[in-house]
1. Hey, how many Å between the Cα centroid of region 28-65 and the Cα centroid of region 142-176?
2. Rounded if a/c is under 1.5, else prolate if a/b is larger than b/c, else oblate: which is region 1-153, with a ≥ b ≥ c the root eigenvalues of its Cα gyration tensor?
3. May I ask you to list the chymotrypsin sites (Phe, Trp or Tyr not before Pro) in region 53-152 that are in a DSSP loop and have at most 10 other Cβ atoms within 10 Å of their Cβ?
4. At what distance in nm do the modelled label points of Asn21 and Arg241 sit from each other, each positioned 7 Å from its Cα along Cα→Cβ?
5. May I ask which of Lys7/Lys131; Lys40/Lys168; Lys131/Lys168 have a Cα-Cα span longer than 20 Å here?
6. Once you have the Cα-Cα distance between Ser87 and Glu178, take 0.36 nm times their residue separation minus that, and quote the gain in nm to one decimal.
7. How much length is gained on full extension from Ile163 to Glu48, taking 0.36 nm per residue of separation minus their Cα-Cα distance?
8. In terms of modelled amide H atoms, which long-range or inter-chain residues lie less than 5 Å from the amide H of His113?
Amino acid sequence: MENPYPKSLTLPALSTLELENLTFYGGDNGCAEPFSAFSKLKSLLISECFVKDAGTFCISSASLVNFTMHIESDNDEYYKIVLCTPSLCTFVFRGYSYQDISWSNISSLEHVHIDVELFPNSCRPPFFLIKWLSEFANIKSLTVTAATLQALSLIPGVLESKITSLGKLKILKVEIEEIRYAFRMLLCDEKLLNIKSKKEASRIEKAFESGLEPSPLVPDGVVDFLLQNSPSAEVDFVDCRKKKPLRRRHL
């Protein structure tokens, strides 16, 4: 059962908004733009919300500072997400990304947290991660999960590629969490043998069959890839399974 978001909702004094399990519908122009009337909105969280009858979902707000998006389930509706948020300082994404996200102005963005999952039937490398990273020219801190780095490592030739972003990074935080079952199966999928070597795929599969995590949880070389334009940035590894942080200076 769908829970439609009200087509006419004006709350000019609202500064914080959290929405869950709602469906946004597009207008006559094929665009859903539900927050443009909230002139004082500072913090927005969207969890398990979807868009129908629209090709574009526009988060348009001159005042928005913090934006968090959670997508934990599949959806057949494809649409483009556009962030028109010149004051945005913090962006958090968790879940499955099957939509195209673009930014029209994120010059104020300083802090990014990415925790992505890939669908178990996915056979395309997650090129969207490279596209996202290329947008983050001015951020000072980046937090990623081990699963995100595993996904990044599935992109052919990623460790040899060059990026022009992340040049102002001061700290990179890597959260070590248990890899979900569906993603485990994807990492062992034969379709990915042309991306990871047979030796690497076999090692991961044997680790999972033994009830273990692949070692290392953080793929070799991926952290260095992220820091190629900020070699002096500090790196924090946080084992979220034990809630015990480990801090080191990246050399």
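The values are calculated or read from the model by the stated rules, or taken from the named source; none is laboratory data. Not measured: the values here are computed from a predicted model. Note: ideal-geometry Cβ built from the backbone for every residue, glycine included; neighbour counts use all protein chains shown. We work out accessible area using only protein heavy atoms, side chains counted, and drop any ligands, DNA or RNA first. Shrake-Rupley method; radii C 1.70, N 1.55, O 1.52, S 1.80 Å.
1. Region 28-65 and region 142-176 have Cα centres spaced 28 Å from each other.
2. Judged from the Cα gyration tensor, region 1-153 comes out oblate (a/c at least 1.5, b/c at or above a/b).
3. Those that pass, being in a loop and sparsely packed, are Tyr78.
4. 3.2 nm
5. With Cα atoms farther than 20 Å apart: Lys7/Lys131; Lys40/Lys168.
6. Gain on stretching Ser87 to Glu178: 29.3 nm.
7. Residue separation times 0.36 nm, minus the Cα-Cα distance, leaves 38.3 nm.
8. Phe91, Val92, Phe93, Thr143
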